[in-house]
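Chemist: Before we start, here is the structure in question, set down as structure tokens.
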Amino acid sequence: MDLHSGSPYWSIKNPMLQQVSALDKDLTTETLIIGAGITGALVAHELCSTGMNCVVVDKRSIAGGSTSASTAQLQYEIDVPLHQLVKKMDEKKAVAAYKASLKSINDLKKVLKQTRVDGEFQQIPTLLLASNRKGLRELKEEYTIRKKNKLPVEFLDAATLKGQYNIDRHGALWNNTSAQIDCYKTTIGLFNHHQKENQLKLFPYTEIVAYSKSDKGFTVQTSKGFKITCKYMVIAAGFEAGKFLPEKVMNLISTYALASEPLTVKSLWPERCLIWETKQPYYYMRTTSDNRIMMGGEDIPFKNAKLRDAQLPKKIKILEKKFKGLFPDIPMVTDFSWCGTFSSTSDGLPYIGEYKDRKNVFFALGYGGNGITFSMIAAQLIRNKIFGNRDNREQVFGFER
Ligand SMILES: Cc1cc2nc3c(=O)[nH]c(=O)nc-3n(C[C@H](O)[C@H](O)[C@H](O)COP(=O)(O)OP(=O)(O)OC[C@H]3O[C@@H](n4cnc5c(N)ncnc54)[C@H](O)[C@@H]3O)c2cc1C
């Protein structure tokens with residue numbers, strides 16, 4: 001399956017990781033991480049930082065999966081709004097999921113600071129717009145439950161929204177805890193750092209096709225007939241991880257994105273905040289360090305890559321029209337466009353940890369439209385599990401929740 005197609009902006013903007021090639025012999029390691037996207041990079045960071053010996057493999061290039069297609073907005077809001085999540089699970093757990101997501105943004109910032117990786121992390125506010133009257137009612141409900149649970153949120157009425165942002169909508173929720181990154185650069189940077197500092201080994205173009213239990217842990221097979229022996233396995237294989245799971249836990253979604261030509265700083269909206277809306281399918285947007293607008297959305301259920309790709313021109317036109325409807329005075333011209341696949345679960349939460357009795361195989365499935373915050377949580381939770389440290393987030397994100 002192609003995880004994306006078209007021209008994702010990040011993989012044109014950034015150089016590829018140099019001097020790595022496919023595995024060409026058998027090897028032994030303590031931990032094998034399958035998947036070299038942002039999730040694999042953060043897991044490698046957490047484990048290598050403890051001195052653990054790690055190997056990362058990917059059947060594509062490094063960071064060549066969904067990570068290169070991501071618009072990389074970091075928000076504590078999960079795909080399912082809190083007022084709806086509490087109808088699907090215990091309120092305490094739902095709030096814990098939101099709080100874990102909030103904390104993970106700051107944790108990612110700390111990782112970049114500690115490793116001195118320039119992932120273009122920028123702390124900026126988020127505006128969640130009411131698309132219509134129904135959206136306004138939903139926002140009010142959402143505001144009430146977030147306030148009650150001491151989550152950062154402000155309500156902006158239509159007049160404030162118009163006055164401060166020149167946006168004509170019924171209202172919005174605002175908070176100042178979000179961020180944006182260059183997800184591709186972050187991933188490459190973290191791998192590079194641990195290659196140099198901790199002898200992390202990376203093998204692109206190395207597909208794992210099977211694994212079995214052995215005396216010392218696991219024997220893992222690549223498609224080219226090589227074996228990797230390891231004590232622990234981490235499955236950070238993104239939306240193709242289903243192959244390693246006996247149970248279907250996700251639905252695939254096609255999503256569409258564009259990056260505009262650079263604009264003048266003056267022509268962009270105030271605060272350059274992240275913007276998204278209540279209506280489904282929603283759109284989302286941000287700006288980049290070279291003053292482009294990056295916008296995504298128009299999600300539809302994934303059937304196959306060919307059908308997804310055929311819709312790209314039509315979907316980009318819709319996104320452009322929606323942009324014009326929101327900001328008629330900003331002269332946005334599309335420069336790059338692409339489509340990608342991401343995955344959703346019934347409660348909008350990822351699956352992290354061991355699956356039932358499969359000991360020492362850890363899943364890091366940062367699913368959802370806000371998957372990157374989940375990748376950070378997965379990396380910490382898996383490190384804690386391996387080292388026997390209690391982590392209450394397991395009850396929220398584990399398979400047994
Ligand atoms: C258009 C788009 C916009 C998005 N916007 C946002 C956003 O604004 N904010 C946000 O938080 N998230 C966003 N997401 C989601 C986010 O990008 C993903 O959650 C994140 O990139 C997933 O990272 P990953 O490392 O888990 O997966 P991937 O980057 O897909 O990496 C998994 C890797 O595993 C490899 N692999 C799979 N199977 C095997 C195998 N058998 N053997 C070896 N390797 C294997 C794949 O080749 C792949 O490179 C967006 C996604 C898309 C597509």
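Chemist: Provide, for q = 0.16, 0.26 Å⁻¹, the log10 of I(q)/I(0) from a solvent-free Debye sum over equal Cα point scatterers in segment 251-303.
Modeler: For the requested q values the scattering log ratios are -0.53, -0.99.
Chemist: Given N residues in segment 222-344, what is its alpha carbon radius of gyration divided by 2.2 N^0.38 Å?
Modeler: 1.36
Chemist: Oh, and also: What's the longest uninterrupted piece of the chain once you rule out the GluC sites (Glu not before Pro) that are loop residues per DSSP with at most 13 other Cβ within 10 Å? Walk me through the numbers before you get to the answer.
Modeler: Details: sites that count: Glu247, Glu400.
Within the chain, the longest run free of exposed GluC sites (Glu not before Pro) spans 1-246.
Chemist: If Lys and Arg each add +1 and Asp and Glu each add -1, what is the summed charge of the other residues whose beta carbon sits under 11 Å from the beta carbon of Thr287?
Modeler: Net local charge, Thr287 excluded: +1.
Chemist: Let me ask another. Between Asp157 and Thr264, 0.36 nm times their residue separation minus their Cα-Cα distance comes to what?
Modeler: 35.7 nm
Chemist: May I ask for the percentage of alpha-carbon pairs in the chain that lie more than 34 Å from each other?
Modeler: 27 percent
Chemist: Quick query: amide H of Phe302 versus all other amide H atoms, modeled in the peptide plane; which residues come in under 5 Å with a sequence gap of 5 or more or a different chain?
Modeler: So Phe302 has HN proximity to Leu252, Ile253, Ser254.
Chemist: At what distance in nm do the modelled label points of Asp107 and Gln123 sit from each other, each positioned 7 Å from its Cα along Cα→Cβ?
Modeler: Simple spin-label model gives 1.8 nm for this pair.
Chemist: Here is a follow-up. Taking only Cα atoms and a 10 Å spring cutoff, compute GNM fluctuations for the chain and point out the largest among Gly51, Gly217, Gly371.
Modeler: Per the Cα network of the chain with a 10 Å cutoff, Gly51 tops the list.
Chemist: Here is a further query. Given a Förster radius of 35 Å and the C-beta distance between Glu207 and Arg116 as r, what FRET efficiency does 1/(1 + (r/R0)^6) yield to the nearest 0.05?
Modeler: On the way: r = 32 Å, r/R0 = 0.92.
Once the sixth-power term is evaluated, E becomes 0.60.
Chemist: For the chain, what is the relative contact order in percent, using Cα pairs closer than 8 Å and at least 6 residues apart in sequence?
Modeler: After rounding, I find 25 percent.
Chemist: Scattering from the C-alpha atoms of segment 279-369 alone, worked out with Debye: what is log10 I(q)/I(0) at q = 0.14, 0.20, 0.25 1/Å?
Modeler: Per q value, in the given order, log10 I(q)/I(0) is -0.67, -1.05, -1.33.
Chemist: Once the Cα atoms of helix 91-115 and of the chain are each reduced to a long axis, what angle between those two axes, in degrees from 0 to 90 to the nearest 10, is obtained?
Modeler: 70 degrees
Chemist: Quick check on segment 120-279: what are the equivalent-ellipsoid semi-axes from the Cα gyration tensor, as sqrt(5λ), descending, whole Å?
Modeler: Each semi-axis is √(5λ); the values are 44, 21, 16 Å.
Chemist: Using helices alone, what [θ] at 222 nm do you get for the chain, with -39,500 (n - 2.57) per DSSP H run of 4 or more residues, divided over all residues and rounded to the nearest 500?
Modeler: Mean residue ellipticity at 222 nm (helix-derived): -10000 deg cm²/dmol.
Chemist: Count charges around Glu120 for me, please; just the other residues with Cβ under 9 Å from its Cβ, Lys/Arg as +1, Asp/Glu as -1. Could the numbers behind the result be given before it?
Modeler: Values: positive: Lys185; negative: Asp118, Asp182.
Every neighbour counted, the sum reads -1.
A short reminder: the numbers here are calculations on the coordinates, not readings from a lab. Given the structure is predicted, the values throughout are model-derived calculations rather than measurements. Cβ coordinates were reconstructed from backbone atoms using ideal geometry, including for glycine residues, and neighbour counts include every protein chain displayed.
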